[in-house]
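The values are calculated or read from the model by the stated rules, or taken from the named source; none is laboratory data. Here the structure is a predicted model, which is why all the values come from computation and not from measurement. Using ideal geometry, Cβ is built from the backbone for each residue, glycine included, and neighbour counts are taken over all protein chains shown.
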């Protein structure tokens, strides 16, 4: 019997999971050996992590058990941590298990925070990255609020939250905190006016690159709810006591959450693959430069638009990559040829807490409730894509 | 017009609040000027604090807004912190407000932890004392659990909880934690067997002074649910890393909760009143020795039984003192004479988490569900006593 082609997918994020679910749909039984490797037994919905990080959503709604969406006769799941990829020997090294051989590798491992060299950030800030991390942020904030009334001295830094970065994640997180803070104040007997929420952004505007009218709407909405913005103001240093801004302003804060961007997974650079800020400029078939069998999807891949500007890494991008790659890999295995990938930007929506959002969809600007509903429908769509209606009804909060 | 007699009640615990509620029931309008002083705008139900401290009860169920149980035409409420009582000049000094003059003082301010001189305890342990404190304990435990999976190293101390003292509060708290730990494990993806819950007691038995059959029942119940007991083992020292036991055993623990007893409020000693471990041996009318107008109720009072052994400070004792004192003060104001106080021990119940309890009531030993229901009814009784049926229905969890 001839050996089946081995497809190894690393990471069960949007890109990796979509590729895997696509493969198990496209491929017939015994057409290929598909293995999915992921550190946790669950997928987490990265686009929703700002909600459990604020405490506005039970983290259970932001995760999906991988076993519940895989067909075990078509895909083998390995729960392990990838410590090295070796494209020369076509193998993947794991923390606990035996190395895995592959014929085709799909690299979909998550990104690392981009700190832009800000001193002390990695040591002292929190990052909205994964489920363990956001539970820690939520618990940290609650702990600081709980502590406040037990101390004799006035430690206002315990009630000061600094969010670094006013991009998508930053703004969405600030929007959730705006909803959450009054609840925390009630729960811990703290006057609302004692709490400060400061959003710091180095660029000259909130949501850089976004439509000005939408940006103005978001800023007004959040400022009316007590958010202080410091735009055009890089963070110079993050310390255990808070942040120092360019120009010298010091903000005492027990909670600094950094959302200022991501870079590619360091394992790519370590494997000798050419990267820019850790991300791999993939070819039209999503392959790493110089490789026929090494595909990169999600945050670690870099794709340029027609104006030669990089697309920001998004769930939308990763999902489309995964869908496309599953079809291409199926074609390859059957001796056919691949189709080039083209990103189709359907729209962009940023939530501003429970009841509002802004964005562009169907070529139109959207504000407020309408945008918020559309955003929610979009979340549901992801559950539908990976787990069909049963998963959608289980996880969607209507 | 003759000045009305001034009654000042310090503290809205069981003793103080019961005295105040009794006075507003007994006294007619314009018969006396009654003032209640309390640091917080709420009363907290001390006998339930072990539940929010474990996270098994929303702290809102353990507090009652003072304004909701006072009749404002009969009692004036002052929210302030007492910093000094001056029995010679018959006045009370407050942190923020003007000193209060009194004709009769009811001292019902809460107790302080009894540390028995254990090194590092006050600095490094948590205490089940008040609402702010128990919210901190709950949040602290959750934070430690949230942190565990975010660290590279195995920090088992984060999942190790040491409860110092196996008296009533200690056992009841351990019982709640037994219920809570599996929930925490699910919430934070932690294997149950990683979590240790250790109850340390210096006396040769759990629940010293309690019926042996009941003690055995409690120990078996808790041990079957994973509790480790170290009896006959004093804590020598509490450090930021955990505890050192007599004999040298070190337990690494991020959470040490001390329940090993209380002493009287330090303001009494500071006022020159004779105390034993901070508690005042009151006369049969609940007066401090040598004073006609200085009454002490609750944990700061010391009353002996017929065998000349002190009654432990309990809510039951404080409640009866308050009820009795309200009648005596009314009699005094009307020119009558006081009746001596006699404590009537109705029973003693200790909960072992949600579904079980042990105790003695109506002269009978009680175990398990039956004791648990009786314990709950007893909680409801307190709400009924201070706020009637409406408060009982609002706060009771059926």
Checklist entry - For residues in the range B:197-213 being out of contact with any strand residue (DSSP E or B) (no Cβ under 8 Å at 6 or more places or on another chain) and more than 21 Å from residue B:365 (Cα to Cα), which is surrounded by the fewest Cβ atoms within 10 Å (Cβ to Cβ)? => result B:204
Item to check | Candidate set: the range A:136-158, residues that are in contact with a strand residue (DSSP E or B) (Cβ under 9 Å, 6 or more places away or on another chain) and away from chain B (no Cβ under 14 Å); chosen: the one surrounded by the most Cβ atoms within 10 Å (Cβ to Cβ) | outcome: A:157
Checklist entry - Going by the structure shown, is residue A:158 in a helix (DSSP H, G or I) and touching a residue at least 40 places away in the same chain (Cβ under 8 Å)? => result yes
Checklist entry - Can you pull out the residues in the range A:275-287 that are at pLDDT 95 or above, surrounded by fewer than 16 Cβ atoms within 10 Å (Cβ to Cβ) and touching a strand residue (DSSP E or B) at 6+ places or on another chain (Cβ under 6 Å)? => result A:281
Next on the checklist: Of the conditions (1) in contact with a helix residue (DSSP H, G or I) (Cβ under 8 Å, 6 or more places away or on another chain); (2) more than 10 Å from every other protein chain (Cβ to nearest Cβ), residue B:103 satisfies every one except a single condition; which number is it?
Outcome noted: (1)
Checklist outcome for this item: In the set A:78, A:82, the lone residue that is crowded, with 21+ Cβ neighbours inside 10 Å, away from chain B (no Cβ under 14 Å) and either within 30 Å of residue A:252 (Cα to Cα) or touching a residue at least 24 places away in the same chain (Cβ under 8 Å) (or both) is A:82
Checklist outcome for this item: Within the range B:369-398, the count of residues that are touching a residue at least 60 places away in the same chain (Cβ under 8 Å) and within 30 Å of residue B:226 (Cα to Cα) comes to 2
Checklist entry - Which is at pLDDT below 95, surrounded by fewer than 17 Cβ atoms within 10 Å (Cβ to Cβ) and either touching a helix residue (DSSP H, G or I) at 6+ places or on another chain (Cβ under 8 Å) or not in a loop (DSSP other than H, G, I, E, B) (or both), of A:369, A:348? => result A:369
Checklist outcome for this item: Exactly one of B:260, B:272, B:290, B:247 is assigned to a loop (DSSP other than H, G, I, E, B) and touching a strand residue (DSSP E or B) at 6+ places or on another chain (Cβ under 7 Å), and that residue is B:260
Checklist entry - Which residues, counting only those in the range B:265-274, are under 19 Å from the mean Cα position of the chain (by Cα) and crowded, with 16+ Cβ neighbours inside 10 Å? => result B:265, B:267, B:268
Checklist entry - Just a yes or no: is a residue in the range B:284-298 within 25 Å of residue B:166 (Cβ to Cβ) and in contact (Cβ under 8 Å) with a residue 40 or more places away in the chain? => result yes
Next on the checklist: Of everything in the range A:214-264, what is surrounded by 18 or more Cβ atoms within 10 Å (Cβ to Cβ), under 20 Å from residue A:143 (Cβ atoms) and either touching a helix residue (DSSP H, G or I) at 6+ places or on another chain (Cβ under 8 Å) or modelled with pLDDT under 95 (or both)? Give them in sequence order.
Outcome noted: A:238, A:242, A:253, A:254, A:255, A:256, A:257, A:258
Next on the checklist: If I filter the range A:50-71 down to residues being more than 14 Å from chain B (Cβ to nearest Cβ) and in a loop (DSSP other than H, G, I, E, B), which single residue comes out as farthest from residue A:161 (Cα to Cα)?
Outcome noted: A:71
Checklist entry - Does the range A:116-135 contain any residue that is modelled with pLDDT under 95 and more than 14 Å from chain B (Cβ to nearest Cβ)? => result yes
Item to check | Flag if residue A:106 is within 22 Å of the chain's Cα centre (by Cα) and within 30 Å of residue B:131 (Cβ to Cβ) | outcome: no
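Within the range B:34-44, restricting attention to residues that are over 22 Å from residue B:125 (Cα atoms) and crowded, with 18+ Cβ neighbours inside 10 Å, which residue is farthest from the other protein chains (Cβ to nearest Cβ)?
B:34
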